[in-house]
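Chemist: Below you'll find the structure I mean.
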Amino acid sequence: MWPLPAQTRSLSISPAEMLPEELTSAVTGDLLAVAEPRLLHLEWPAAIRSGELASVRLRVSPAKGEGSSSQISPTAGEAFSVLAEARLELPGIPHTPTGEVSQGFFPGRPVIFIWDLQPNRLGGADGTVWLHLSFIPAAGGPAMRQVLTAQRIEIQVIDFFGLSGPWARALGSAGVVVGAMLALDGVFIWLWSRLDRKSGV
């Protein structure tokens, strides 16, 4: 079976975009010391055949490559643990995992999120991939969250002939009509042959 096209999207995230507004200027300075520019790369299928497996992949990598922050002081930013939290909202297409998933967010290391899709009906689906950072104080207290991005995606679920829902249903209806006509044609031929045989007796 021929491969279906995929969509990709990339964007840059600056250190300042990663920090919640609630942080004090002193804490912000410490966190900026361990923050680094990041590259976000999102990949998803433009179309999926109904019943087949596909995936949505989100990768957030250091802009300078993995391990680029290894020279940063390990004591900077110790006041917080930082989690990257992602969620896929895709009504109409079953996917796993559901809800929010999280990973530790560390300097010089990427985070990768993958959602497996298995559609069971034809048609289009609009969704959103959410990415947050959650700052958890080491001394206790409520976490602070920062939205990094909310990326809209669109996926078409097609049948094995490459048709979406309305076209597949129309073709199916046409097939029923043609099948009925062929069946009736066969009945008429059979009746005509019977009548012709009787008239020749």
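All of the numbers you see were taken from the coordinates with simple rules; none came from a lab. All values derive from a computational prediction rather than experimental measurement. Cβ coordinates were reconstructed from backbone atoms using ideal geometry, including for glycine residues, and neighbour counts include every protein chain displayed.
Chemist: Going by average Cβ neighbours within 10 Å, how do the peptides 144-150, 130-136 rank, with the highest at the top? Please report the intermediate quantities before stating the final value.
Modeler: Values: 144-150: 15.6, 130-136: 18.9.
Order by mean packing, descending: 130-136, 144-150.
Chemist: Next question, about the same structure. How would you rank 96-103, 47-54, highest first, on the average number of other Cβ atoms within 10 Å across their residues?
Modeler: Details: 96-103: 12.2, 47-54: 16.2.
Descending mean neighbour count gives 47-54, 96-103.
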